[in-house]
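Below is one structure, written out as structure tokens; comments come after it.
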Amino acid sequence: MLPFKLVYHDRYDLNLGAHVFPSQKYRLISEKLLADGIAYSEDFFRPEPASDADILRVHTAEWVKKLKTGTLSLSDIMKLEVPYSPELVEAFWLAAGGTILAAQAALKDGFGCNLGGGFHHAYPGHGEGFCAIHDVAVAIRRMQADGAIRKAMVVDTDVHQGNGTAATFAKDRSVFTLSIHQENNYPAHKPPSTIDLDLEDGVGDEEYLGALLPAVRKSLDKFEPDMVFYVGGADPYREDQLGGLALTLEGLKTRDASVFGEARRRGLPVVTTFAGGYARRVEDTVQIHVNTLLAARDVAEEYPRTQATGN
């Protein structure tokens, strides 16, 4: 068994049909974890959809109503870039519930891993870039409302800047946002995160890690969060269709393990979600996400919750 719980629901698929975003990857990841003996059925938690009250901690009532009634404008759909369906809405509410559940599990186990989520382009009042509901923001607000945490740090490693995250928390000193991404890529407008690491095209493992890890260490020490939310992008991979960086499979796994290690050495619970991944071979995207969980397992075994907190 894994030393932490995995959060997954078979309705995470966004019902996109033929689309560059392979939302069937969530099912494929869960199947691979079971087939390879990495996880067992008892390692999985099944989330409930987030409540509307929790969604409304982040999103406007108007946007929530549009999604729930299917009254999006043509402009809304163009920004969202995915076809609307009731199944799509259900999947986003489930993803938000899953990230809340992963955060609650992380407090107990040191790690909580949602096999979905990471929808970092969603703004409070609209969706963008395949993202309608910002599950990470919803989970942060729920954990703060419960008094479980005061300060949160988001480390976003998707190849695309986390514009929704930056905009949502722009004036909030209780949330530190760090995004490492390809500068010459989506989105065109990039609201400033607390720290933005803007990378040139073609950056590989060494330069990427050389930028990310010192920034993570410095930020953790200065901000002293109560919880770290890790948005794990598979799309910095060199074979990604929507990315222009050049990381290898091993470099991506080192990225994950290094960030996890920095957090756990400080006794911080870590919540992982998956973000973009558009490799030419969907099997590569699946393997990158599985490797994130393997990195979490290795770090969790090195820094168990009781050891890291001193409890």
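Computed quantities for the displayed model
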item: Sorted by Cβ density within 10 Å, fewest first, the residues Ile180, Ile195; result: Ile195, Ile180
item: Convex hull volume of the chain per residue (C-alpha atoms, cubic angstrom); result: 114
item: Highest-MSF residue in the chain out of Ala105, Ala257, Ala215 [GNM, Cα springs under 10 Å]; result: Ala215
item: Sorted peptide list for 31-40, 165-174, criterion being average Cβ within 10 angstrom, highest first; result: 165-174, 31-40
item: Nonlocal amide H pairs with Phe111, under 5 Å, H built at 1.01 Å; result: Val270
item: Where a label projected 7 Å from the Cα of Asp198 along Cα→Cβ would reach, residues of segment 131-172 with amide N under 18 Å; result: 156-167
item: Formal net charge of residues neighbouring Tyr278 (Cβ-Cβ distance under 9 Å; K, R +1; D, E -1); result: -1
item: Listed residue pairs exceeding 19 Å between alpha carbons, taken from Lys108/Lys151; Lys218/Lys253; Lys25/Lys65; result: Lys218/Lys253; Lys25/Lys65
item: Shape call, segment 189-231: gyration tensor on alpha carbons, a/c limit 1.5; result: oblate
item: Qualifying GluC sites (Glu not before Pro) in segment 112-203, DSSP loop, other Cβ atoms within 10 Å at most 16; result: Glu183, Glu200
item: Highest-MSF residue in the chain out of Ser258, Ser30, Ser51 [GNM, Cα springs under 10 Å]; result: Ser51
item: Cα-centre dipole for the chain with unit charges at Cβ (Lys and Arg positive, Asp and Glu negative), debye to 20; result: 920
item: 3J(HN,Hα) from dihedral phi, segment 15-25, Karplus parametrisation 6.51/-1.76/1.60, rounded to Hz, x for glycine, proline; result: 6, 8, x, 6, 8, 5, 7, x, 5, 6, 4
item: Separation between Cα centres of segment 257-291 and segment 16-91, rounded to whole Å; result: 19
item: Inter-site label distance for Lys171 and Asp146 at 7 Å from Cα along Cβ, in nm; result: 2.8
item: For the chain, calculated [θ]222 nm from helices alone, where every DSSP H run of n ≥ 4 adds -39500 (n - 2.57); result: -13500 deg cm²/dmol
item: Exposure proxy ranking, count of Cβ atoms within 10 Å, fewest first, for Phe111, Phe130, Phe21; result: Phe21, Phe130, Phe111
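None of the figures in this text is laboratory data; all of them are computed from the coordinates on show. If you're wondering where the values come from, they're calculated on a predicted model, not measured in any experiment. FYI the Cβ positions are ideal-geometry reconstructions off the backbone, even for glycines, and counts take in every protein chain you see.
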